[in-house]
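Dropping the structure in here first, questions after.
The values are calculated or read from the model by the stated rules, or taken from the named source; none is laboratory data. What you see is a predicted model, and the numbers here were worked out from it, not measured in a lab. Don't worry about glycine lacking a Cβ; one is built from the backbone with ideal geometry, like all the others, and counts go over all protein chains shown. Just the protein is used for accessible areas: all its heavy atoms, side chains included, with ligands, DNA and RNA removed. Shrake-Rupley method; radii C 1.70, N 1.55, O 1.52, S 1.80 Å.
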Amino acid sequence: GTYLDRSARTPQAIMRLAQMAYHRNPWVGTAETVVTRKVAGLPWHLENGEDEEYEDPMPADVREVFDLLERPQAALPPEMRDPGMLTRRSLVSITSRHMGLCNVSYWFLDQTNALGQPLALLYVNPARVWPVTTANGRIVGWVIDPGDEYGHGGTPLELSELLPFYLNPPDEGP
């Protein structure tokens, strides 16, 4: 009966339980909705290295970043877009909600160029992501949707392909 069952074997299983609490417990859902709306509604801007806000007309490379953040999937063909993640507000909303519930959220940097700039930003549910680590715990990559509770199988990703957002640094592990 508890929403965050200590018998869950993996951090990913605990994340799934936390996400279920959002939908099943009216207090959790209401609290996360209030926070998410405030975060997604915050004004935002891009700054240069001297903490000065870019204003219009922006340099072309800055405009590309601005447009990518405003419409994270605009460059993808319509059939490849996630209808629920077409705007900055929708991407920030799910990112904020899962940060609150799971302490972490991820963006997949889709089709990066030689400079590491993505064509699109795709949201990845943190309960689907497993870190790949060295023996001393350093993260060297990711696996999405592994076939077992040990992180084997699934879709491997390079460390640079996922951008994690942590609410707080984890107490232990990645």
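Mind ordering 92-103, 51-62 by average Cβ neighbours within 10 Å, highest first?
Per-residue Cβ counts within 10 Å, averaged per peptide and sorted highest first, yield 92-103, 51-62.
What is the ratio of the Cα radius of gyration of region 77-121 to 2.2 N^0.38 Å, where N is its residue count, to two decimals?
Scaled against compact globular proteins, the figure is 1.30.
Taking a probe of 1.4 Å, how large is the accessible area per residue of region 109-174, in Å²?
63 Å²
With Rg and the Kirkwood Rh both taken from Cα atoms, where does Rg over Rh land for region 19-98? It would help to have the intermediate numbers written out before the result.
Details: Rg = 15.9 Å, Rh = 14.7 Å.
Ratio of gyration radius to Kirkwood radius for region 19-98: 1.08.
Stokes-Einstein D for the chain at 37 °C, 0.692 mPa s, Kirkwood Rh over Cα pairs, in µm²/s?
On the way: Rh = 17.8 Å.
Using the Kirkwood radius from Cα pairs, D works out to 184 µm²/s.
Which chymotrypsin sites (Phe, Trp or Tyr not before Pro) in region 73-174 pass both tests, a DSSP loop state and at most 11 other beta-carbon atoms within 10 Å?
Details: sites: Y106, W107, F108, Y123, W142, Y150, F165, Y166; in loops: Y150.
Here the chymotrypsin sites (Phe, Trp or Tyr not before Pro) that fit, given the DSSP loop and packing criteria, are Y150.
Next up: First compute the accessible area of region 61-110 with a 1.4 Å probe, then give the percent of it belonging to carbon and sulfur atoms.
57 percent
Moving on. Quote to one decimal, in nm, the extra length available between Y54 and R37 on full extension: 0.36 nm per residue of separation minus the C-alpha distance between them.
Details: separation 17, 0.36 × 17 = 6.12 nm, distance 2.53 nm.
Answer, rounded to one decimal: 3.6 nm.
Residues of region 42-93: accessible area per residue at 1.4 Å, in Å²?
71 Å²
Counting only protein heavy atoms, what percent of the accessible surface of region 123-173 is carbon or sulfur at a 1.4 Å probe?
Heavy-atom surface of region 123-173 belonging to carbon and sulfur, 1.4 Å probe: 52 percent.
Pop the C-beta distance of L69 and A135 into the FRET formula with R0 = 35 Å and round what comes out to the nearest 0.05.
That gives a FRET efficiency of 0.40.
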